[in-house]
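Read the figures in this text as sums done on the coordinates, not as results from a lab. All values reported here derive from a predicted model rather than from experimental measurement. Quick reminder, even Gly has a Cβ in these numbers, built from the backbone with ideal geometry, and neighbours come from all protein chains shown.
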Amino acid sequence: MRLIYLLASDADAAAAAEIEALLKQRGYQVRRADEKYAYPPARYQEITLALWSKAVQFSSKQILFTNRAIDAWTEGRLIFARLDHSLLPRGLGDIETIDLTFAPARVAAVWKIVEAAQEIDRAMEARRREAAASPGGGEDPAPPQAKAETRSSPPKSKRRSGKTEFSSGAGLVVGLVAAAAFVSLGFLTMPAAPVLLLGGAAIAWGGVAGALGGFLGGRKSTQADEPEMAAAAPAPAPPVSEAAASEVAGEDDLFNETPAQVFVSYSRSNGEVVYPLVAEVEAAGRDVWIDREELQAGTNWAGMIVRAIRDSDTFCLMCTAEAFQSDNVRREIYIADKYKRKLLPVRLDFAQMPEDFEYFLIDRQWLDLTATNPEERALRLKAALGR
């Protein structure tokens, strides 16, 4: 891959330039974008190297910086490094970081970045081989955004060309009739005329008449006819892998009338309150995805969570003080916003909402269960999910 996007604050320009030079010496192409209001989105097959520091922590773009880093994390292409010992952001506080705090040792520490990039490259190559080995594989799978854009693109309008096809049959018949008529008329009106002269004139006028007849006898052809002909004899569709089929089916659930899956995001310390509510929702017939057992790093937690959120249509956030402090919950709400899922915040206590959560939930309709009896909470939640 060997493509790296360097995500850093303007205040850390000197450190970013030093790291960029070291990476270029090792054969990497480094892209840096100094955006005033936002950061460019992650590119396909590009690794993001995020440089965290106190300057980022207290900057006005701290939330945008964190969201951009989480965006790369969801695709498995994030390398997170810290330039000092400032507090890590919520949503990225539990991931592995590379220590670049000691500036004189960065020349040696940059090898850790190279090793991390090589590990990401190997993981991406393994995914490509797995996709190629699956039925209908052979191509590098495109990111979900590209697939969604492909399906949502409106069909191109049909434009008529106005071209007319030449009819050779009609031209031949009209030409022969015209030539015979000219010869007969010539013999009647000019008996003394040379035979060769009459024959040549008959062929010339017959050709002109035949061309005119062939043009008038032809049919109008349009570009719209080509798709109609293709539809009359459709080509066999290529086989589709199970992974691609499930991905398409999951994203198309938004357009089905039947209730789709509900993803529940919560803190496990609130399980005694959340699990009974989820059980009532499931008993009412709603399909709920909830992680009751902590997934380990070896189980590809990121991929499982991303697919589960992407395949749902409602993201139910159980808002508590513990949830607002959870790195997992912070990442999950970003993923739900990225895929434009319906967000249903459910308030279970009186905890104040942090700014990085308010960024996503400020304009959402809340379900406040703080003053609701435990027996009635499930009924109100089922009613809210049914809207």
Ranking of Val110, Val346 by count of other Cβ atoms within 10 Å, fewest first = Val110, Val346
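Kirkwood Rh, region 282-387, all Cα pairs: how many Å?
Kirkwood hydrodynamic radius for region 282-387: 14.8 Å.
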Extension gain (nm, one decimal) between Ala284 and Arg364, 0.36 nm per residue minus Cα-Cα | 26.4 nm
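Please sort 320-329, 58-67 by packing, taking for each peptide the average over its residues of neighbouring beta carbons within 10 angstrom, highest first. Intermediate values should be presented prior to the final figure.
Details: 320-329: 19.3, 58-67: 16.8.
Taking the mean over residues of other Cβ atoms within 10 Å, the ranking is 320-329, 58-67.
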Amide H partners (placed H, <5 Å) of Asp368, local residues excluded = Arg347
Would you mind checking Lys61/Lys340; Lys61/Lys112; Lys54/Lys342; Lys340/Lys382; Lys61/Lys338 for any pair whose Cα atoms are more than 24 angstrom apart?
-> Lys61/Lys112; Lys54/Lys342
